[in-house]
1. Express in % the proportion of alpha carbon pairs of the range 55-142 at distances exceeding 18 Å.
2. Pairing the Cα long axis of helix 215-224 with the longest principal axis of the chain, what angle in degrees results, from 0 to 90 and rounded to the nearest 10?
3. For the range 1-64, just the Cα set please: Rg and Dmax, both in angstrom.
4. Please compute the modelled spin-label separation between Lys56 and Glu89, points set 7 Å along Cα→Cβ, answer in nm with one decimal.
5. Just to confirm my numbers, what's the Cα centroid distance between the range 157-222 and the range 281-296 in Å?
6. Taking 8 Å as the Cα distance limit and 6 or more residues as the minimum spacing, I'd like the relative contact order of the chain as a percentage.
7. Do any of Lys154/Lys188; Lys96/Lys163; Lys64/Lys96; Lys188/Lys227; Lys20/Lys64; Lys52/Lys96 go past 26 Å between their Cα atoms, and which?
8. Taking Cα pairs under 8 Å and at least six residues apart, what relative contact order does the range 22-169 come out at, in percent?
Amino acid sequence: MSSLKIGYFADGPWSHGALKLILSDVHLDVKFIVLRYQNPDPILKKLAQKNKIDVKVHKDINSKSFFNWVYKYNCDIFVSMSFNQIFRENLYTLPKYKTINCHAGLLPFYRGRNVLNWVLINGDSHFGITVHYIDSGIDTGDIILQKKYKISEKDTYETLLNKSYEECPKLIYKAILNIQNRTIKTFKQTDIHPVGFYCSRRVKGDERLNWNQCSKSIFNFVRAISKPGPQARSFHNEEEILINKIRLIKFSKNYIGIPGSVIMVKPRSFFVKTLDSFVEVLEWNNYKPKVGHRLL
């Protein structure tokens, strides 16, 4: 079997694991690695140097200069793992087997950005990983492989992130082997749903916690952006409060009150009224809660 020549566009822990799997396979040959233009991944760079692989950092991968550079490698396939530039048609169709991408979302749903945060905010029971071909849209190409994982109430942004770091490399590696062995069975995203949906990038200010929601929505929001995310933010007067973990209260009765009010304080926690019931705050910064405080 001849080696499959790979051009690797990558960043982050998921790409480290995938690269190690690829490099362990004598039938796969990484010809180059393209790093993100801003904050190039030092671990990928070190792995490339160790394995004598060419490294490139370029502001615009769709420029003529980059195309001329990448053309000479005559790659069979391009692989994208957490790369942050959009591929244009002349680039993603250049290799024999086109260009594939690994996305930590169950396409056609959760296209776009920050999908592990959004899947928790939405209170979904599962999240997924999809390997798909890159086409002219954003996360719209035909699906090669897809796997679903259960979300429990114990899961947080960190646990989903760690699961993705572990599972993305396995799935992208399997997809590469299927392509090499010509055993792939692709299907269109419209076979799952005619529309799907997109998620926008979360920006500064989106951490603000709205207490005028039901307890379950607040619980989901807090765990969705908990560490290593920015953490949920609330305020008492001018004091900013970072909230990293809360607990839902089983059997709590729904009742009318003032959302955001501190209603009870314990040595290691405090309770806040929500729209329907109340929650217990378990991890926060140096704020000293008092009964009667209004959190906004």
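1. 47 percent
2. 40 degrees
3. According to the Cα coordinates of the range 1-64, Rg and Dmax are 11.8, 38 Å.
4. Taking the simple label geometry, Glu89 and Lys56 are separated by 2.1 nm.
5. Taking the Cα centre of each part, the range 157-222 and the range 281-296 sit 32 Å apart.
6. 14 percent.
7. As for pairs spanning more than 26 Å Cα to Cα, those are Lys154/Lys188; Lys96/Lys163; Lys188/Lys227; Lys20/Lys64.
8. Numbers: 202 pairs, mean separation 23.1, N = 148.
Answer for the range 22-169 is 16 percent.
The values are calculated or read from the model by the stated rules, or taken from the named source; none is laboratory data. Every value quoted in this text rests on a predicted model; they were computed, and no experiment measured them. As a convention, Cβ positions derive from the backbone with ideal geometry for all residues, glycine included, and neighbour counts pool all protein chains shown. Each accessible area value is taken on the protein alone, full model and side chains, heavy atoms only, with ligands, DNA and RNA left out. Shrake-Rupley method; radii C 1.70, N 1.55, O 1.52, S 1.80 Å.
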